[in-house]
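Undergrad: Shown below is the structure under consideration.
The values are calculated or read from the model by the stated rules, or taken from the named source; none is laboratory data. All values reported here derive from a predicted model rather than from experimental measurement. Glycine gets a Cβ as well: all are built from the backbone with ideal geometry, and neighbour counts include every protein chain shown.
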Amino acid sequence: MTLSDLAELLPPDAVPSSRPRPSPGRKLGVFDDNRARPIHRWYPFVEGYSDELVAECLDEAGTKDIAVLDPFGGSGTTALAASFRGHDSMFCEVNPYLAWVADVKVNVTRDAAQQDVDSLRHLAERIERDGVATGGSNHPLVHADQRRGFFPQGVVRQIVGLLELVDAEFEGSQRELARLAVATSLIPTSNMIRRTDLRKRRDGDPVPLPFTQTVARQLRMIHEDVLRAGSALVGHATRVAGDARQLVSTPTPVNLVVTSPPYLNGTNYCRNTKLELLALSLIEEEQDLATLRTDSITAGINNVSRRRSEPDLIDAVEETAAQLDEVAYDQRIPRLVRLYFADMRLVFRAVRAQVAPGTRFALDIGDSRFAGVHVPTPALLAEVASGEGWDLGSTRVLRTRRSYDGTPLEQVLLNFTSVES
Ligand SMILES: C[S@@+](CC[C@H](N)C(=O)[O-])C[C@H]1O[C@@H](n2cnc3c(N)ncnc32)[C@H](O)[C@@H]1O
């Protein structure tokens, strides 16, 4: 069993990092350290970055009234880090499950800290003692499980039963926190496993955890963190758009932007959360993922929709895209590269429209390699951004990685400043 297998079996704070001790710079770009931080640890999000990265940007902003925008909010690391440090935040997030997780971790938990949340601990005790009654069969997760065998025998009806109990007996913030405990227990108790993307467990993978004990553990962790850290939450988080390309206004002026967009050829954020989306009835069936995919930045080969019209060509990107036209084994690859930068250009434009000149935009991103062709994503993004009113100041290397063929790749923090446009 590897350390990353262990990470799935044990509470996040009980698990040492699965990677060698990173240098201080390297830790900033990964979620690892958040696994031991209250509230962050409720939903370990592999693609997330560290609370510390956001903290550094907030510190460097050097003003008391910071309103930070994260156009790719994910699990809400930026919003939570800002709230802990007394700042309001805004975010865009296309995936309704991730947007909800961010809202629960920041806004719901801040409210819950003013109340008696012992009902969460009592629920943990009760289900450990009495088990969970099975729920109804007419639920999107049950239908999907019948077709695809996502869960071991009997588990899906326990999940639905517990969600029904929570809906019937809980209300307000305690209800949302209890639902989060259930949602974050789904993958560990399923026949699925996250290995970059969500896939079926194979021989040698850890076996699914027992549902009741897993939810009880989550409920206790959430209860403990609300008590010890909930009152430290100050700032409010507001979702200002689903699709960042469609951002048109913010309730307050933005004076700092911190984000990490999808990586080119990275994970499929919507498909990876399909169990949670189905369980919380945020989608009715797996096919509904297609709509979420259309609203997402085109970042993966399976996202290259034939329905999308041809993107406007961007000169800076064409050199790389044309090389890929020549050598790529799959013509979706050059199209993916063109679509990715065209989508990111729209995000730079939309965000620029919300900020005054002189605003910092810190963007965490890495480069990629396809069919032997290096795609210098950070450099190309910098070119694209410069056409949209963003000047690249410094570039900081956060960590180095390797592509499948062993080529060294870098994860960097690009620091832009908005200029008069
Ligand atoms: C690298 S993750 C962000 C992780 C985040 N920094 C954290 O720590 O949780 C990128 C996010 O962008 C979201 N996304 C993709 N396309 C989007 C779009 N068009 N608008 C807004 N969010 C989008 C994905 O769903 C994913 O959650």
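Undergrad: Is it the case, given these coordinates, that Ala183 is modelled with pLDDT of 95 or more, of a type in the set (Gly, Ala, Ser), within 16 Å of the ligand (Cβ to nearest atom) and under 22 Å from the mean Cα position of the chain (by Cα)?
TA: Values: modelled with pLDDT of 95 or more: yes; of a type in the set (Gly, Ala, Ser): yes; within 16 Å of the ligand (Cβ to nearest atom): yes; under 22 Å from the mean Cα position of the chain (by Cα): yes.
Yes, satisfied.
Undergrad: Suppose we filter the range 188-214 for residues that are among the β-branched types (Val, Ile, Thr) and surrounded by 15 or more Cβ atoms within 10 Å (Cβ to Cβ); how many remain? Step through it out loud before you land on a result.
TA: First, pick out the residues of the range 188-214 that are among the β-branched types (Val, Ile, Thr): 189, 193, 196, 207, 212, 214.
Cutting the leftovers down to surrounded by 15 or more Cβ atoms within 10 Å (Cβ to Cβ) gives us 189, 193, 212, 214.
Selection size over the range 188-214: 4.
Undergrad: Would you check which residues across the range 72-111 are small (Gly, Ala, Ser) and buried (at least 24 other Cβ atoms within 10 Å of the Cβ) and list them?
TA: Within the range 72-111, the first condition is being small (Gly, Ala, Ser), and the residues that meet it are 73-76, 79, 81-83, 86, 89, 99, 102.
Hits for the range 72-111 are Gly73, Gly74, Ser75, Gly76, Ala79, Ala81, Ala82, Ser83, Ser89, Ala102.
Undergrad: Let me ask you something else. Between Ala232, Ala244, Ala216, which is in contact (Cβ under 8 Å) with a residue 12 or more places away in the chain and in contact with a strand residue (DSSP E or B) (Cβ under 6 Å, 6 or more places away or on another chain)? Lay out the reasoning, then the answer.
TA: Values: Ala232 fails: in contact with a strand residue (DSSP E or B) (Cβ under 6 Å, 6 or more places away or on another chain); Ala216 fails: in contact with a strand residue (DSSP E or B) (Cβ under 6 Å, 6 or more places away or on another chain).
The conditions single out Ala244.
Undergrad: What strands (runs of 3 or more DSSP E), lying completely within the range 191-306, carry at least 2 residues that are modelled with pLDDT of 95 or more and either touching a Gly at 6+ places or on another chain (Cβ under 6 Å) or under 30 Å from Gly358 (Cα atoms) (or both)?
TA: Numbers: elements: 192-195, 197-200, 237-241, 254-259.
Those strands (runs of 3 or more DSSP E) span 237-241, 254-259.
Undergrad: Next question, about the same structure. Can you spot a residue in the range 383-396 that is in a strand (DSSP E or B), modelled with pLDDT of 95 or more, among the β-branched types (Val, Ile, Thr) and surrounded by fewer than 17 Cβ atoms within 10 Å (Cβ to Cβ)?
TA: Looking through the range 383-396, at least one residue is in a strand (DSSP E or B), modelled with pLDDT of 95 or more, among the β-branched types (Val, Ile, Thr) and surrounded by fewer than 17 Cβ atoms within 10 Å (Cβ to Cβ).
Quick grid of which residues meet (1) without any contact (Cβ under 8 Å) to a residue 60 or more places away in the chain; (2) of a type in the set (A, V, I, L, M); (3) in the same structural domain as Phe84 (by TED's automatic domain parsing); (4) over 26 Å from Pro38 (Cβ atoms):
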site: Val108; (1), (2), (3), (4): no, yes, no, no
site: Phe151; (1), (2), (3), (4): yes, no, no, yes
site: Asp167; (1), (2), (3), (4): yes, no, no, yes
site: Asp205; (1), (2), (3), (4): no, no, no, yes
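Undergrad: Here's something else I'd like to know. Please give the number of the condition His122 fails out of (1) more than 24 Å from Pro208 (Cα to Cα); (2) not in a helix (DSSP H, G or I).
TA: With respect to (1) more than 24 Å from Pro208 (Cα to Cα); (2) not in a helix (DSSP H, G or I), His122 is out only on (2).
Undergrad: Another one. Kindly indicate which of Asp330, Asp295, Asp288, Asp312 is within 11 Å of the ligand (Cβ to nearest atom) and not assigned by TED's automatic domain parsing to the domain that holds Arg147. Step through it out loud before you land on a result.
TA: Values: Asp330 fails: within 11 Å of the ligand (Cβ to nearest atom); Asp288 fails: within 11 Å of the ligand (Cβ to nearest atom); Asp312 fails: within 11 Å of the ligand (Cβ to nearest atom).
Result of the check over Asp330, Asp295, Asp288, Asp312: Asp295.
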